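Take a look at the structure below.
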Amino acid sequence: QMIALGRDHSAAVDYLGDLLTWGSDSHSQLGRGFDGGGADLPTPRLVTRVQGAGIRHISCGCFHTLALLSNGSVLAWGSNRHGQLGIGARHGGASSPRVVQALYEYDVVQLAASCQHSAAVLRNGSLLMWGRNDDGQLDGQRTTTIWGPVVSPRMLGSSGEAMKWDQVALGVRFTLAL
């Protein structure tokens, strides 16, 4: 159904909506529950902690992974060194999939993960971003880390109206949105 690539790991959603991961687990980005990372996997393996949850969308960053479930919940796991999981200030990370509580009230349709920041497009066209922001990659202005998902104040049209976004893609230190 879907595949995503990170720096050294990969994830795929099969026809049942189950998640498989493989590659490096140096920062627990495979979601198998090993603190500090587990053994690398050369072949795809089922992430049993989310089996049957109905994965609708996935995205892999350098050392973290994001997943959107069929019930609308967003899960994150792996490194959170720069707040890229969206689970709160200076949390060391998550070795297994963890609900991003800050996104619970939103209707997320797409996720994007980079090395140190993440984003979500909402059904209403809003764009939420969080994580490292030293080059203004979250809002083009501030240069401080944002530890949880926020609507970027810079994502407005020339007359101040809210812009509607359909898709987002993240580079290491930049963001592109349509």
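The fraction of all Cα pairs in the chain landing in successive 10 Å bins from 0 to the largest distance is 11, 42, 35, 11, 2, 0, given as whole percents.
Note on F174: accessible area approximately 110 square angstrom, rounded to 10, probe 1.4 Å, nucleic acids and ligands left out.
Report, to the nearest whole %, how much of the accessible area of the chain belongs to carbon and sulfur atoms, 1.4 Å probe, protein only. So the carbon and sulfur contribution to the accessible surface is 50 percent.
At a probe radius of 1.4 angstrom, the accessible area of the chain per residue rounds to 47 square angstrom. If N is the number of residues in segment 1-93, what value comes out of its Cα radius of gyration divided by 2.2 N^0.38 Å? With N residues counted in segment 1-93, Rg over 2.2 N^0.38 Å equals 0.98. The alpha-carbon atoms of segment 51-149 define a convex hull whose volume equals 82 cubic angstrom per residue.
The values are calculated or read from the model by the stated rules, or taken from the named source; none is laboratory data. All values derive from a computational prediction rather than experimental measurement. In case anyone asks, the SASA skips ligands and DNA or RNA and just uses the protein heavy atoms, side chains included. Shrake-Rupley method; radii C 1.70, N 1.55, O 1.52, S 1.80 Å.
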